[in-house]
Amino acid sequence: MGAIATDISDLVHAHERERRQADLLRAVFELSPTPAVRVARTADDGVKVLDANSAMCGLMGAPHGAIDQCDLLRQVHPDDKATVLDVLAYATRASSVGSMPSVRQRELRLSALDGRILWVLMSAAAVGPEAPNGATEIVAQFQDVKARRVAGEAPFDQA
């Protein structure tokens, strides 16, 4: 009777490094003072919130976890839905092309859960390439720009 042994210690160490890196990125996302969401954009233009950090929940007036799994477009002002889809589409194209600037920023309105209208500057970047099923994971950040809007400054739009 014989036996075969394989040393998998390198594989175990690589897996542990990947786990630690994922934990680090998760902590950075959650602890960031910048409101952010991780969304999945699907081929039918759905924008499902996979998770939102504490700052985003605070901006939206929501308890932690309350906006997870919702459709982000439900919180977007009807006149600004095309803007959100444009920012997300640009992030997806930039990820697949690689030569385009990776971030497009646009001002838009969100509806907080308590009914307040929020003027925000949205930035987005795709996380990896488009999946075979057409879904794309994207991280979007939001900056409150209401003070600028109240002061009458022109909208900030970066192509």
Residue 67 being open to solvent by 80 Å² or more (accessible area, probe 1.4 Å) and of a type in the set (A, V, I, L, M): no
Pairing a residue in the range 1-30 that is open to solvent by less than 70 Å² (accessible area, probe 1.4 Å) with any residue that is of a type outside the set (Phe, Trp, Tyr) and not in a helix (DSSP H, G or I), where Cβ atoms lie under 6 Å and the two sit 6 or more apart in sequence or on different chains, gives 29/53; 30/53
From the list 115, 46, which one is loosely packed, with under 14 Cβ neighbours inside 10 Å, out of contact with any Lys or Arg (no Cβ under 6 Å at 6 or more places or on another chain) and under 18 Å from residue 144 (Cα atoms)? 115
Residue identified as acidic (Asp, Glu) and over 26 Å from residue 136 (Cβ atoms) among 51, 23, 10, 45: 10
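The values are calculated or read from the model by the stated rules, or taken from the named source; none is laboratory data. Keep in mind that this is a model prediction, so the values were computed, not measured. Cβ sites come from the backbone with ideal geometry, for glycine too, and all protein chains shown count toward neighbours. For accessibility, only protein heavy atoms count, side chains too; no ligands or nucleic acids. Shrake-Rupley method; radii C 1.70, N 1.55, O 1.52, S 1.80 Å.
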